[in-house]
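Below is one structure, written out as structure tokens, with a few remarks after it.
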Amino acid sequence: MSVLPLRSKLRVVQPPAPVLTFEDVWVEYGETVVLERLSLQVALGSFVTLVGPSGVGKSTLLRLVIGLEAPARGRVLLDGEPVGAEPGPDRGAIFHKGSVFPHMTALDNVAFGLDCAGAPLLGRLFGARRRAAVAEAEAMLARVGLKEDRGLYPSQMSDAQRQRLALAQALIARPRVLVLDDPLGGMDPGVRQDLQELIGDLWQGRDLTVMMVTRDIKEAFRLGTRVIALDKRRRDPQAPGRFGATAVYDFVLDRKSPLGMLSEMEAVQEMVDPSPLFSEWPELTP
Amino acid sequence: MQRLMNLRPKGGARLLLGLLPILAVLLLYLGASAAWRIDGDPKSAILPPPTAMAGALLSLTSANPATGHAALLEDTALSLGRLFAALVIATAASLLMGLALGLLPFKRVAWGPLLRVVAAIPPIAILPVLCVAFGLGEGTKIALLVLGVAPLMIRDLAAHIAAIPEEQLVKAQTLGASTWQTALRIALPQALPRLIASVRASLGLAWVLLIATEALAADGGLGFRIFEAGRRMQMDVIIPYVAWISLLAVAADFILAQGSRRAFGWAHPAPKISRGASR
């Protein structure tokens, strides 16, 4: 009896549990090691951007979160539970391409998540529930700036419009974690900036944790509250697959929202909490 | 001077260019028909003149006093009925099997090899088996058509479903879709336009099988009539029948193509890029 109050007191003092935890994760394809010794904790509501050379395993890390890849060793935890071996509605995903359904109008694309949740047998809502779903989907379309385009098919839209649609579609399912795999790659600068702002706005308004891969380092610092660089710490020139990549830099940016006033240089200077892994090896390639 | 490959015919020129070869073939036929006669007798022509065909066509389309039906219409109804029944069965089978095979790896692994073997069998080769099993009635003909067409359609549709980008299937699951919901809302709608294309592609084979089975085991139908007429050297019957079949096939293809465009506009996006300036 005397232990209980003590326990509850301890619970109050504990920091909030991380949403996502990577515990010494290794990913291997046969002989090739893709990720090694990856340990990360991602706090609720953070916007993590992942950068690194191409082919280093950024997308693999996202696939671990989605459940398309299982770690060879270690665990990936979502809210303390291992993520399942398949995708689920608690983890939304947007890819570089192909994130929307070509045979559905914009409205149906967004309403699909509601259909799935509400109509396990027919796959589609009807009557008053359908009208409520349409209203919600329309509000979401308006939120991403596609109010007038509800009747368009994806093939009638631009790349940027399709990614806006994908955002609306993903967010209506209220995922706990949203995974973005280079969603703005290859877009024109102006369009890209608009979408960056949209992503930042959408993220801020809700209890959403975001993990985003980008090839644009400026974008990573502009959007992220935490920037993680993946790279190999060790290389074997005779066997490129011998060693895998891990988080070599971990910048936690001292601000609560993305798109802050900090320039990248200031952000780097304000870098806090270098990864504990840092002490294990001296600095290698940045 | 533009390159030849960038020159495009427009409006009236298109129509004229399309008509010219047809006219040329008709003229060639008329010439051959006049030249190629046994003892110069128009009645025994190997390539009968249009007048003879018109006469035969008139008698084929007017009601036979004995039966009260016109032979051509009766044959057409019989043949199209068989074709339609077989295609409905084949389409339903390919939709069910194609969806299951395309979406479920377990099904694919289990049924793929069998289907591969069945699809490789020349359908006509099993006609005797079908005759023994189903007799000489309608069952045999429809079964032959189904067995000939369905395996190809199933495999085509399964391959199409399996080729749906992984992103879409993952996306559906991240939105909470079950296997059933994914099949119903993602795979099925994307299968339908492909199914129509698959039916269009299979129509040619279906016609071949239909004519063949009617020639071998039937007492009515377009194929039956053609082979009957062949035994009596009635070229003036055969040629209008062949032309009629070709017309039916073209019409069926056109209707399917238009239906697909109308019902599944998303699957037929307007072409965006044209080579060169097309003024």
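Miscellaneous remarks
- For segment A:111-131, heavy-atom accessible area (probe 1.4 Å) falls by no less than 50 Å² from the chain alone to the full protein assembly at A:Phe112, A:Cys116.
- Violating pairs (Cα-Cα greater than 32 angstrom) within the set B:Lys107/B:Lys141; A:Lys97/B:Lys10; A:Lys147/B:Lys10; A:Lys232/B:Lys107: A:Lys97/B:Lys10; A:Lys147/B:Lys10; A:Lys232/B:Lys107
- Mean ellipticity per residue at 222 nm, deg cm²/dmol - from DSSP H runs of n ≥ 4 across chain B, formula -39500 (n - 2.57): -24500 deg cm²/dmol
- Stretch gain in nm, segment A:Ser158-A:Asp79, where the contour uses 0.36 nm per residue and the Cα spacing is subtracted: 24.8 nm
- Given R0 = 41 Å, the distance between the Cβ atoms of B:Thr179 and B:Arg14 translates into a calculated FRET efficiency of 0.25.
- Modelled label positions at B:Arg3 and A:Glu136, each set 7 Å beyond Cα in the direction of Cβ, lie 5.5 nm from each other.
- Note on the protein assembly as shown: Cα-Cα pairs beyond 43 Å make up 43% of the total pair count.
- Taking a ≥ b ≥ c as the square roots of the eigenvalues of the alpha-carbon gyration tensor, chain B is classed oblate because a/c is 1.5 or more while a/b is no larger than b/c.
- Equivalent ellipsoid, segment B:159-259 (semi-axes from 5 times Cα gyration tensor eigenvalues, Å): 45, 13, 9
- Charge dipole (debye, nearest 20) of segment A:28-127; +1 at Cβ of Lys and Arg, -1 at Cβ of Asp and Glu: 180 debye
- The slack between B:Ile126 and B:Met233, meaning 0.36 nm per residue of separation minus the straight C-alpha distance, is 35.6 nm.
- Whole-angstrom gap from segment A:185-258 to segment B:169-200, using each part's C-alpha centre: 33 Å
- Sites B:Thr51 and A:Ala70, calculated FRET efficiency, Cβ-Cβ separation with R0 56 Å, nearest 0.05: 0.10
- Assigned charges on the beta-carbon of Lys, Arg, Asp, Glu; segment B:1-134 dipole about Cα centre (debye): 840 debye
- Over the protein assembly as shown, accessible surface divided per residue gives 53 Å², non-protein components excluded, 1.4 Å probe.
- For segment A:101-174, the residue among A:Ala128, A:Phe101, A:Ala168 whose Cα projects farthest onto the positive side of the dipole built from Cβ charges is A:Ala128.
- Calculated over segment B:102-188: convex hull of Cα atoms, volume per residue (Å³): 104 Å³
- Cα-projected label distance for B:Leu136 with B:Ala77, points at 7 Å along beta-carbon direction, nm: 2.3 nm
- Shielding of peptide B:161-174 by partners, expressed as the average count of other chain Cβ atoms within 10 Å per residue Cβ, is 6.
- Sparse-neighbour loop sites [trypsin sites (Lys or Arg not before Pro); segment B:6-91; at most 11 other C-beta within 10 Å; DSSP]: B:Lys10
- Relative contact order (%) - criterion: Cα under 8 Å, at least six apart; region: segment B:76-218: 37 percent
- Cα-centre dipole for chain B with unit charges at Cβ (Lys and Arg positive, Asp and Glu negative), debye to 20: 1360 debye
- Taking every residue in A:101-107 and counting other chain Cβ atoms within 10 Å of its Cβ, the average works out to 5.
- In the B-A interface, the accessible area buried, summed over both sides, Å² (probe 1.4 Å): 2300 Å²
- Cα pair distances exceeding 15 angstrom across segment A:101-174, given as percent: 47 percent
The values are calculated or read from the model by the stated rules, or taken from the named source; none is laboratory data. Just so you know, these numbers come straight off a predicted model, no measurement behind them. For neighbour counting, all protein chains shown are included, and Cβ atoms are generated from backbone atoms with ideal geometry for every residue, glycine included. Just so you know, the surface numbers come from the protein's heavy atoms only, side chains and all, with ligands and any DNA or RNA stripped out. Shrake-Rupley method; radii C 1.70, N 1.55, O 1.52, S 1.80 Å.
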